[in-house]
1. I need the peptides B:164-170, A:603-609 ranked by packing, meaning the mean over residues of other C-beta atoms within 10 angstrom, with the highest value on top.
2. Starting from the Kirkwood Rh over alpha-carbon pairs, what translational D in µm² s⁻¹ does chain B have by Stokes-Einstein at 10 °C and 1.306 mPa s?
3. Rule-of-thumb check for the range B:179-257: C-alpha Rg over 2.2 N^0.38 Å?
4. Calculate how steeply helix B:90-102 sits against the longest principal axis of the alpha-carbon atoms of chain B, using the helix alpha-carbon long axis, and give the answer as 0 to 90 degrees to the nearest 10.
5. Determine how many Å³ per residue the convex hull of the Cα atoms of the range A:439-578 encloses.
6. Enter the per residue convex hull volume of the range A:110-218, computed from alpha-carbon coordinates, in Å³ rounded to the nearest integer.
7. Per residue of the range A:232-238, what does 6.51 cos²θ - 1.76 cosθ + 1.60 with θ = phi - 60° give for ³J(HN,Hα)? Whole Hz please, x for Gly and Pro, Karplus curve as stated.
8. Quickly rank B:428-440, A:464-476 as a protection proxy: mean count of other C-beta atoms within 10 Å, highest first.
Amino acid sequence: MKNIDSFTHTRGESVYLDDIPVLVGSLYGAVYGSPLAHGKITKLDLSEALALEGVVRIFTYQDIPGKNQIGGIIPDEPLMAEDEVHFNGMPVAFVVASTKEIADAAVKKINIEIDPLPIVTDPRLAKKNGSLIVPPRTFKLGDSENAFASCKHIYEGIAETNGQEHLYIETQGAYAIPSENNSIKVYSSTQGPTAVQRHMADVLAIPMHRIEVDVTRLGGGFGGKEDQATSWAVFCGLAAFLLKKPVKYSLNRMEDMRMTGKRNPYTSDYKIGLDENLKIKAYEVSFYQNAGASADLSPAVLERTLFHSTNSYFVPNVTATAYSCRTNLPPNTAFRGFGGPQGMFVIESAIAKVAESLGIDASVIQEKNLLVTGDEFSYGQIAESEAGACWNKASAIFDIETLRKEITAFNSKNDLFKKGLSFMPICFGISFTKTPMNQARALVHVYTDGSVNISTGAVEMGQGVNTKMVQVAATIFSISPDQIKISTTNTFRVANTSPSAASATADLNGKAVQIACNNILQRLKEVAATKFNCSADDIKIENEKVFVNNQSSEMTWKDLIGEGYLKRISLSEHGHYATPGLHFDQSKEKGHPFAYHVYGTAITTVTIDCVRGIYEIDSVKIVNDFGTSMNTIIDRGQIEGGLVQGIGWMTMEEIVYDAEGRLRSNALSTYKVPDIYSVPKTIDLEFLNTQNDNLAIFKSKAVGEPPLMYGIGTYFALRNAIKAFNPNSGIGYSAPMTPEKVLLGLYHSKNV
Amino acid sequence: MTLLDFVRYQKHLVGTKIGCREGDCGACTILVGESCDDKVNYHSVTSCLMPIGNAHGKHIVTIEGINGTNLNIVQQSFVDQGATQCGFCTPGFIVALTGYCLNDHLPTRENAIDAMNGNICRCTGYKSIEKAATSINENLKLRNGQDPLTFAIANNIVPDYFKTIPGRLKEIKSINKDSEKIKKVAGGTDLYVQQHDTIVHEELDFILDNSLLKGITQINNSCEMGASTTVSEMAHSPVFIKHFPALKNIIKLVSSTPIRNMATVAGNFTNASPIGDLTIFFLALNAQLKLINGDESRVVALRDFYKGYKQLDKKPEEIIEKIVFELPDANDKFNFEKVCKRTHLDIASVNTAILLKMNGDEIMEGSISAGGVGPVPKYLSAASEYISGKKISIALIKEIIEIAQTEISPISDARGTEAYKRLLLSQLIKAHFICLFPELDNKKILFI
């Protein structure tokens, strides 16, 4: 089934935040962000800005009726700075004016004086200063310290990954409309409507039941609108609440890039030990996460780094410690993969280092250590592994032997170009690692004409979740998808939602829809059973027809609904789902946090231009563990899109902050994401189809985040190509692999 | 006001999206139709950088103006291939590719992709979009030489009203331009990025369509090009195509299709970016600029045009009227190199051009330029002088690289460290010789 939004998408008729028709009298906001990354505010002068014609009011923290606090996990993030600023761009004031242009102009007229304090951007320095967001956490399995004693090969090193700008093409924004009795309706481009509602309630000191958050869809989210959409909505809500006028704020790109956090950069130390058979026996790793100025979601990101520190491998002795380091950068946040990719990059670097040192191919080590069913993860869950199945299928179907021969032949013949190949197996746990978040609700109405309207907690942001919700309901009711409409995500219709995140949105909300539909269906069957004088078990609906004991009756779906109404049964249902079997004990760092894992293997080949240091990605060949895909066109899109986003993170996407904590890559002209020319020439995707029971909706495993990690393979393929040109290159393990790093790597230790 | 703000906030046509407001994402792509004889030619632009002053007398087509009752082949292909996810970039792609269906490019994969090379999608990874393009091309192959617009109307690629446009455009009267206004705007692709907040409030004189500043003519070996010539016009000019065999590949490295449709060559010069691609290109050709100010005029060499960072040998009231340079002939060798983080639609870390006038294996005269290696677009005078009169050899290349290194002063910034830019220039000089002298031992050049 095709994406239900694709008709209006291609006609420009889909509605996003900035497309909502504004009410007469609406006002426009703009945030004034701190010009310095750290310091004490000694003076804030708004007079010039206020004097500008059209400026209605400028809000500071002193105007907040409730708490000046929007921290999601830890209350350490004020909506607006009080006496100190902690990052460049930290909101200090919110200007509201009659037009957006005037609001922007007024922002430029605000004067501030700040006594500077030392600026820290390096997480290792923050750790040294004792500046941690939360106490360090350690996941431990076996006894790594003693295990090293029996290892033949032991290597240590540093691996680093930079941040990543989400670059949703639709920037952040919100539009708040005041209504009677101190209530507010807010349109927000958010992945987490409940987070917006909860924080707005705290800031305005009103109950949550007065705040209606409504989301039609997002023009991309990728984690960047999970927690970080909140502040813009709260700004608009605050102003609308106090001014009794609608207030809108749609950020421009530079505001968005400067003021919002990104994927957490990491720098990590590792030590890895292997026995004579190249089995990894021990792994110790310390992760230094650059959290930015406040917690945001970083503690949860940190946790997932630990969950995925051994990627797709079984390591019997692991000690993994993670530090969430406070720096003077915008609070870093969720981004597709959520710390998992950062953890995986380190063990892949460790394996590459062993392989390069021993003069063997990294894939030899990777393959020997893949997880098998029954292996224990460092956090105590037992693997049900498809790692070997994916790896073996990829090797066979993509004819790895021929591929290797072609590359060897190419490299021996060519001086100006070199090719490199890598394997990238992945293993990604599905569920929010905070167990209570694994619940969802869906509200299903069947109207008397037989049409169906569904509301869930899922936010559509391009991942196709609404299409999947239609599929669930259409399958259970056995009616045409055209009979089903998905409504906006709205906190008045579905309450207490978890954000659309963790790849679990379709699973959680799909199961809630399934439960609601099944309950309505059961009632309808009983109505039909009464009419046909049989048992409800004898009734079936197929293609909008009622079947009695497998015999088609005259009764249609619409007739049955009419009958149900006359019999006064409820044609509505509010379904609730909570993932069973999940638990995690943080005091022991052990449990069963994931409903299941997604596995896969990517084989990447690249070609480097050894004169210029530029490169092309020839192909990425993937076998992905889909379970039983319920929508292959959407799932393929997720794999291809996730892969390319991962490649971007590993190659051209380079976030540059200067020592003053100022973002230098602050626009699309200086921060480059993949364009149509830079993607792999071919992406081959094979589905590993399994019928195994799992907790996925219709056994269709999650596809949102896992494919991003296939992109890590590109980094290592490029490394291998550099080594083919210059085997002695001392290039470090630091992503992204920009053309600069490639060229310097190619000519490392050679004179210019 | 930009065309984007006009269509979204004055006309409330919200299908055109805002992604970056600097021409780097294509979400705001719009088609512009211009009368030419009895026809209207359509090209894509990023409406965020187009002043409405440049829209006068033209047919402006947004996504709403493309929509018919049913989906057109571009829209249908996107639906069929799953080429839209969040949908925010989609109207830009649809408009760009519908524009592609209206022009007479052959329906090849390369041409279809070039048509949407200014469009960024963050969701799909582009593979489904490539498949959609293939399917669009299958449809366009049925065109068989018919007039593209006629074919497009007949096949519901654009609505019927397009037939009425040539007549309606003729009815629009030209307006008297106020040339007293000092601030001149041509394509606007740089001004509307650099001065976005202020320029919309300024009194402007729009010179893009000034016919006196248009046209590319060849007089003997010399080429005269009007200052308002757009990069696309230059790229499609028969004179350039003939004298620069590698033109297509070079132009592909310069910005994107919609930007090239607006940006002018002289605008690249006056922008004075140390890294301007066309500036580097024309520096190696020793282009001369004719500056005019009312009835007064003077000629200044591009090489002498830059006095310091963003400082020009040009009075505010002067404008560039034309660019004059000698066309390379069959004995000349010309090459352009550019490396950036992303190969396309990106600003160079380093770029360089070279022109060698050859007599056998002797270089009669050489000219090398480089960008990104100092405060101004750099003509490497010492290296150029040294190479002139020498026989080509690997030793000579080595010497040229060493001399070039003494002439440059790159700084570390978002586009690379100083060490990288130095290494990169040396590599790109090697690349010049590897490209121009395939008979030399590549490997030896590489390991100089």
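Any read-out appearing in this document is the output of simple, stated calculations on the displayed coordinates, not a laboratory observation. Since the model is a prediction, treat every value here as computed from it, not as a measurement. Methodologically, a virtual Cβ is constructed for each residue, glycine included, from the backbone with ideal geometry; neighbour enumeration extends over all protein chains shown.
1. Highest to lowest by the protection proxy: A:603-609, B:164-170.
2. Numbers: Rh = 23.2 Å.
Stokes-Einstein gives a translational diffusion coefficient of 68 µm²/s.
3. 1.32
4. Roughly 80 degrees between the two axes.
5. In the range A:439-578, the Cα hull volume divided by residue count equals 100 Å³.
6. Values: hull volume 30.0 nm³, N = 109.
In the range A:110-218, the Cα hull volume divided by residue count equals 275 Å³.
7. Values per residue, Gly and Pro as x: 5, 5, 5, 4, 5, x, 4 Hz.
8. A:464-476, B:428-440
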